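The values are calculated or read from the model by the stated rules, or taken from the named source; none is laboratory data. The structure displayed is predicted, hence computed values, not measured ones. FYI the Cβ positions are ideal-geometry reconstructions off the backbone, even for glycines, and counts take in every protein chain you see.
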Amino acid sequence: MALLFKVDDSRGSAWKALFEQHAPDIDVRLWPDIGDPALVRYFAAWQPPHDLHTRFPNLDVIFATSAGVDQFDLGELPGHIQVVRMLDPGIAQGIVEYACFALLSLHRQVPLYLRQQRARVWQDRELTPARRRRVGIMGLGNLGVAVTQALRPFGFELRGWARSHKHIDGVQCFAGDEQLKPFLAQCDILICLLPLTDDTRGVLNAQTFAAMPKGAQLINLGRGGHLIERDLLDALDNGQLSDAVVDVLEDEPPSPDHPFWDHPNIWLTPHIGANTSPDTAFEVLLGNLRRHQRGEAMQGVIARHQGY
């Protein structure tokens with residue numbers, strides 16, 4: 001039985017060292033050194049090759065090294081192969097850190113003050129108290145819940161939206177298409193943490209922005225596929241939105257002439273919201289491997305029909 005990683009060299013070496021120290025009975029291999037493909041039962045990667053299930057005939061489980069699995073072509077995988085998303089606590093911590101940085105920066109008008117600095121303008125602006133700042137989180141899975149918990153001590157008015165009904169202490173929750181516009185109408189700052197599915201692709205669009213209060217702000221920490229980039233540019237240029245923090249794009253890296261690079265109202269970061277770390281993810285992955293070996297249900301197995 002072998003576990004094959006397809007990751008960058010530094011992460012691969014870290015994974016292999018951890019297994020050698022704590023679980024030497026598991027044969028860990030690093031792509032492209034696959035050895036006998038018939039012995040590979042587990043595969044871990046950000047994005048596996050398309051012929052994975054034919055190349056490894058005894059494959060049982062694919063472990064995503066990310067919180068989402070939208071980069072996988074689930075339709076081509078046989079039904080018996082389980083796909084497991086990464087529940088690394090380090091991912092949640094990274095997302096919380098980024099969300100707090102971005103939200104507090106927008107709340108305290110840092111983009112405006114940076115524009116003033118470049119223009120050599122020294123002028124203070126009226127501060128909106130946190131208790132009067134309405135913050136909305138799209139996506140109330142484990143990452144969304146972690147962000148709401150981190151934001152509660154600041155005193156923001158917290159609202160959340162998901163495809164299905166949720167109950168989170170201190171958060172006014174909305175659900176489904178019929179409650180999306182009422183939710184958006186109460187979002188001064190919107191944070192997207194949705195999984196990318198057929199239902200959520202393109203959800204950050206002109207209609208979404210038009211439903212928000214004029215001058216609202218956006219943080220996209222979900223996937224690039226959530227955002228219609230032209231619609232964001234239009235909303236910023238006509239004043240419907242005032243600022244956006246964008247960590248993910250449909251095509252990464254963007255071309256040198258991509259309009260986000262130079263837009264004065266966009267902060268663009270290179271998909272750094274969170275990364276899986278072998279140090280924090282090892283126990284989660286090993287725990288799932290042991291569960292599978294014992295014939296028990298693993299944590300984080302996705303529902304194929306939902307895509308998460």
query = Would it be correct to say that Pro270 is closer than 28 Å to Leu112 by Cβ and either in contact with an Asp or Glu (Cβ under 8 Å, 6 or more places away or on another chain) or hydrophobic (A, V, I, L, M, F, W, C) (or both)?
reply = yes
ask   = How about segment 192-297: which helices (runs of 4 or more DSSP H) wholly inside it have at least 2 residues that are assigned by TED's automatic domain parsing to the domain that holds Gly136 and touching a helix residue (DSSP H, G or I) at 6+ places or on another chain (Cβ under 7 Å)?
value = 206-211, 229-237
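Residue by residue, here is whether (1) in contact with a Phe, Trp or Tyr (Cβ under 9 Å, 6 or more places away or on another chain); (2) more than 22 Å from Asn220 (Cβ to Cβ) holds:
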{"site": "Gly79", "(1), (2)": "no, yes"}
{"site": "Val83", "(1), (2)": "yes, yes"}
{"site": "Tyr98", "(1), (2)": "no, no"}
{"site": "Ala102", "(1), (2)": "yes, no"}
{"site": "Ser105", "(1), (2)": "yes, no"}
{"site": "Arg118", "(1), (2)": "no, yes"}
{"site": "Pro129", "(1), (2)": "no, yes"}
query = Inside segment 234-267, can you point out the residues that are aliphatic (A, V, I, L, M) and under 16 Å from Leu190 (Cα atoms)?
reply = Ala235, Leu236, Leu241, Ala244, Val245, Val246, Val248, Ile266
request  = Considering (1) touching a helix residue (DSSP H, G or I) at 6+ places or on another chain (Cβ under 6 Å); (2) in contact (Cβ under 8 Å) with a residue 40 or more places away in the chain; (3) not assigned by TED's automatic domain parsing to the domain that holds Leu158, say which one Leu30 fails and leave the rest.
outcome  = (2)
query = Is at least one residue of segment 146-158 surrounded by 19 or more Cβ atoms within 10 Å (Cβ to Cβ), β-branched (Val, Ile, Thr), within 16 Å of the chain's Cα centre (by Cα) and closer than 18 Å to Asn275 by Cβ?
reply = yes
task = Considering every residue within segment 90-106, establish whether at least one is over 24 Å from Glu283 (Cβ atoms), over 20 Å from the mean Cα position of the chain (by Cα) and without any contact (Cβ under 8 Å) to a residue 24 or more places away in the chain.
result = no
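Residues in segment 127-146 that are assigned to a helix (DSSP H, G or I), touching a strand residue (DSSP E or B) at 6+ places or on another chain (Cβ under 8 Å) and within 21 Å of Asp199 (Cβ to Cβ): how many?
2
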request  = Kindly indicate whether Ala102 is touching a Cys at 6+ places or on another chain (Cβ under 9 Å) and either charged (D, E, K, R) or closer than 22 Å to Met212 by Cβ (or both).
outcome  = no
task = Please list, ordered by first then second residue, the pairs with beta carbon atoms under 6 Å, 6 or more apart or interchain, first in segment 147-160 and closer than 15 Å to Phe101 by Cα, second not hydrophobic (A, V, I, L, M, F, W, C).
result = Arg152/Gly170; Phe156/Arg133
message = Could you check segment 234-254 and list, in sequence order, the residues that are surrounded by fewer than 19 Cβ atoms within 10 Å (Cβ to Cβ) and within 22 Å of the chain's Cα centre (by Cα)?
response = Glu250, Asp251, Glu252, Pro253, Pro254
